[in-house]
Amino acid sequence: MMDMVDLNQSDKSFKLKVVLSEYLDADRMDYLPFLSKGYIMDWLLQSEQYWLRRFVRALRKEEYYTFYKPNKLLRYYYARKKNKLGRQLGFFIPAGCFDSGLKIYHYGSILINPKTRVGKNCTIHGNCCLGSKGTFPDDSPIIGDNVDIGQGAQVLGGITIADGVRIGAGAIVTKSILESNVTVVGIPARIVKSD
């Protein structure tokens, strides 16, 4: 975030808008310029990517008005908007779980435990669950940067996933993967390829 010390009030509001714009643009969701030909076609056709972008944008605005510039009214407005879109898409993604650079490829049943923490540039392909094993106390995964989570994969329990790990489609990860830049597949997941 930008340092906003020693700015007068008008500069502060301008800087906050810039920061919000940068925060939203950090995700890899291919936002189209407003009223561009691509934007208008996307809106008219109501494509899958159109709905995914709307969800991630609402999620990020909820996070922004919760953590960076607290504003209860805007926080609840965007939380409601996100939750409404989430019901349509099959998503349950609480605010504050993902760092910048999130990319979601498909909709359909993405469930994230509120205690899960995921690093920068995470890619999710859909039908995923990142959460606890249902034990008490609740334990959720900590996932590093640049992790790619395949279709139908599950990461369960209080485990750690290193940076650059690729989790194959349908894999169920229940043990920590501490080696960076590897591919894991299977039930239970095991390392099959190292870079």
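Nothing in this text is a laboratory measurement; each read-out follows from the coordinates by a stated rule. Keep in mind the model is a prediction, meaning the values are calculated, not measured.
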Task: the chain, relative contact order [Cα under 8 Å, separation at least 6], % - done: 11
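Could you sort out which of K133/K175; K82/K103; K37/K120; K69/K133; K61/K175 sit more than 23 Å apart by Cα distance in this structure? Display every interim value, and only then the final one.
Working: K133/K175 11 Å; K82/K103 16 Å; K37/K120 30 Å; K69/K133 34 Å; K61/K175 33 Å.
Flagged as over cut-off: K37/K120; K69/K133; K61/K175.
Hey, what number do you get for the chain at 222 nm if only DSSP H runs of n ≥ 4 count, each worth -39500 (n - 2.57), divided across all residues, to the nearest 500?
On the way: 4 runs with 60 residues, N = 195.
Helix-only estimate at 222 nm: -10000 deg cm²/dmol.
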Task: Rel. contact order, % - alpha carbon contacts under 8 angstrom, at least six apart, the range 10-89 - done: 25
- [ ] Could you tell me how many degrees, from 0 to 90 and to the nearest 10, lie between the Cα long axis of helix 72-89 and the main elongation axis, the longest principal axis, of the Cα atoms of the chain?
- [x] 50
Open item on the list: Restricting the calculation to Cα positions, tell me the Rg (one decimal) and the Dmax (whole number) of the range 85-195 in Å.
Closed with: 12.6, 38
